[in-house]
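Working notes, beginning with the structure itself.
The values are calculated or read from the model by the stated rules, or taken from the named source; none is laboratory data. Just so we're clear, the structure is a prediction, and the values are computed from it rather than from any experiment. Glycine gets a Cβ as well: all are built from the backbone with ideal geometry, and neighbour counts include every protein chain shown.
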Amino acid sequence: MIIKETKLKGCFIIKPQVFKDKRGYFVESYNQKKFNEALGLDINFVQDNESQSSKGVLRGLHYQLGKHAQAKLARVIKGRVLDVVVDLRPNSETFKDSFTTELSEDNKIQLFIPRGFAHGFLVLEDDTIFSYKCDNFYNKDSEAGIIYNDNELGIDWGFTEQEIVISEKDLRLPKLKNAKL
């Protein structure tokens, strides 16, 4: 396993070891002991989520507030996404900064997103399956988000507004300056 901290403190790219041969491949996608030792954390994931989406679908930018905040470990099982995180920790030196990376079935890269971050992704291929672990249970009353195209964040999604498919709920998300943090 190769681990590299991103420009956002506490947010890590994780590249698991992949064993390939004529039969296909094998990868240990998660091992709690190895994960916690390598990152120097004590994370206990309690919920797994999975979505299937078509090219152009944008999900996000989402996060949970207060005691219901969630750390996440995201990966793509099939297809490709542009994964985006935004640091929403007001006391962080990278507050309001974002980080993007491509997660795909080919690169097997995973992204660890600590609590206090907004998260979203744009699907780059049809029939993409996205999966992530959470260290806290989802709580509807604590869900929050930021509109994906907030100029203050300056995220380059690489698609035009016309190419993006987004839910009505996500289109109603506030800009960062009006968001609950």
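Here is how the numbers come out for the structure above:
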{"item": "Restricting the stretch 105-153 to residues that are polar (S, T, N, Q) and either surrounded by 20 or more Cβ atoms within 10 Å (Cβ to Cβ) or in contact with a Leu (Cβ under 6 Å, 6 or more places away or on another chain) (or both), the residue that is nearest to K20 (Cα to Cα)", "result": "Q110"}
{"item": "Residues satisfying the stated conditions in the stretch 39-57, i.e. in a loop (DSSP other than H, G, I, E, B), farther than 12 Å from A71 by Cα and at pLDDT 95 or above", "result": "S54, K55, G56"}
{"item": "Criterion (farther than 30 Å from N178 by Cα, touching a residue at least 40 places away in the same chain (Cβ under 8 Å), of a type in the set (G, A, S) and not in a strand (DSSP E or B)) met by exactly one of S29, S92", "result": "S29"}
{"item": "Residue match in the stretch 92-111 (condition: touching a Gly at 6+ places or on another chain (Cβ under 9 Å) and of a type in the set (A, V, I, L, M, F, W, C))", "result": "no"}
{"item": "Residue match in the stretch 65-87 (condition: modelled with pLDDT of 95 or more, of a type in the set (G, A, S), within 20 Å of W157 (Cα to Cα) and in contact with a Gly (Cβ under 9 Å, 6 or more places away or on another chain))", "result": "no"}
{"item": "Residues that are surrounded by fewer than 17 Cβ atoms within 10 Å (Cβ to Cβ), more than 20 Å from N136 (Cβ to Cβ) and of a type in the set (A, V, I, L, M), drawn from the stretch 38-64", "result": "A38"}
